[in-house]
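What follows is one structure encoded as structure tokens, with my remarks underneath.
Computed from the coordinates by the stated procedures, all read-outs in this text should not be read as laboratory data. The structure displayed is predicted, hence computed values, not measured ones. So basically every Cβ, Gly included, is an ideal-geometry build from the backbone, and we count neighbours across all protein chains shown.
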Amino acid sequence: MNTTENQRRVFVLDTNVLMHDPAALFRFDEHDIHLPMVVLEELDAGKKGMSEAARNVRQVSRFIDQMINGADKQHIDHGIEIPGEHRLNGPGNRRPGRLFFQTRPNQPLLPDTLPGNRADNSILENCLMLQEAHPDARVTLVSKDINLRIKATILGVHAEDYYSDRTLEDLDLLYSGAEELSADFWESHSREMDSWKEEGRTFYRVKGERVADWHVNQFLYLEDDSHFEALVHEVDGDAAVIELAADYRGRNNVWGITARNREQNFALNLLMSESVDFVTILGPAGTGKTLLTLASALTQTLDAGRFREIIMTRVTVPLGEDIGFLPGTEEEKMEPWMGALMDNLEVLTQTEEGGNWGRAATQDLLRSRIKIRSLNFMRGRTFLNRFIIIDEAQNLTPKQMKALITRAGPGTKMVCLGNISQIDTPYLTETTSGLTYVVNRFRGWPHSGHVTLMRGERSRLADYASDAL
């Protein structure tokens, strides 16, 4: 069916869309939404429990209840007006979209022998009925289930993924946190450039057309023998103040850890900065995300006394089959998921003197200041003067990420680590991950920073596997 810009569209929502985003009911502007009865039944079946999906289902039920409150049968058959602002399209406002419910049983449009889930087949039959009832409109099934979308396409029903939760249209547009300057940067900007030193730091004030595209706490570098590396301090129109980045490659180490490449040096600058409260670090396995973060956390907690303790958490999504129930306290249940913490503590204490006993004592001391917490018990808490590390953050939804970040109280620093090419949560993609969401939303905020680590520093075997496999 050919679609035009002004053609009316009818959207049929699958259950998983509403379980993923309760506000999906309000994301379709002036277009109509149809909910098959089987979707309401699946929502009712999924409302119990304390999981994120169950909470979303209960929120959807509340939204629907508010919308139909006081409406009679005739009003419901005519469609419940969906609240919200409506897009201007041509002369005047188009009519607001309406929410319809399935009020008639499905016609036997599909053979009983058609394989597959009965609920999915019921949704497909409802879509085919709507196509017959609305020949002038384009009926679209919106589902996050790729197999259902394939079946719908085979049967002649237009199907789409749910796009409204995407932070970016293309992952290539994701903010990297650093920008390479042109080779003639100094020549083209030297005329109106000022420089000065303040408290041992060097600053430059530059002007130019490209300056307006910079963001606060973005890194700048030159790919030449000068090894110039700077950090954007502030931006005002086409003028900016940049500051030379600290060099953590030599004697200026962090808990014995030195930066092995440019991106790691950028990361340590953000992690050690007192003016940066929120840091996001992306990178494949072996780039040093956890090691750098843990080293900076220990330095600022034990040496500088800036934080009271370190809190580390992550999403408990298994790589293989789930190992089942784990006994013990909250921290003991989280132990198996914190292998990265143990591995990096071993690296951070391997240079300690005193042999095995000395290293073991040092590890016990460090672990006494590092608390392992589960994400399930974060809601309602407020963390004061803590260094919070969220590992494997690519498996968080935007809603979960918001719930976590808003737990930060005064004096708390939060660091989110992840690799968006290794998402293990169903229905999350690289463009809909909560980690991608916060990288994009916090870009340019003066108290946040982001860096993408590129080079693996784990081993030649790990580096080759990342490239070849």
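Quick look at the values:
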quantity: Hz values of 3J(HN,Hα) by residue in segment 171-188 - Karplus curve (6.51, -1.76, 1.60), Gly and Pro given as x; calculated: 5, 5, 7, 5, 4, 8, x, 9, 9, 7, 7, 5, 4, 9, 4, 5, 5, 7
quantity: Residues whose placed amide H lies under 5 Å from that of E179, excluding near-sequence neighbours; calculated: F219, L220, Y221
quantity: Convex hull volume of segment 408-469 per residue (C-alpha atoms, cubic angstrom); calculated: 136
quantity: Per-residue HN-Hα couplings for segment 436-446 [Karplus 6.51, -1.76, 1.60; θ = phi - 60°; Hz; x = Gly/Pro]; calculated: 4, 4, 6, 4, 6, 6, 8, 4, x, 5, x
quantity: Stretch gain in nm, segment E274-D224, where the contour uses 0.36 nm per residue and the Cα spacing is subtracted; calculated: 15.0 nm
quantity: Listed residue (G200, V232, N217) projecting farthest to the positive dipole end of segment 171-244, Cβ model; calculated: G200
quantity: Label-point gap, in nm, between W196 and Q74 - each point 7 angstrom along Cα→Cβ; calculated: 7.6
quantity: Segment 159-245: trypsin sites (Lys or Arg not before Pro) in DSSP coil with no more than 10 other Cβ atoms inside 10 Å; calculated: R191
quantity: Amide H within-cut-off set for V139, under 5 Å, with H built and near neighbours excluded; calculated: V10
quantity: Under 28 Å from K207, Cα to Cα: lysines that are on another chain or at least 8 residues apart; calculated: K197
quantity: Above-threshold pairs, the threshold being 22 Å between Cα atoms, out of K289/K413; K47/K399; K48/K371; K151/K399; calculated: K48/K371; K151/K399
quantity: Part-to-part distance (alpha-carbon centres) for segment 116-131 and segment 404-418, which is given in Å; calculated: 44
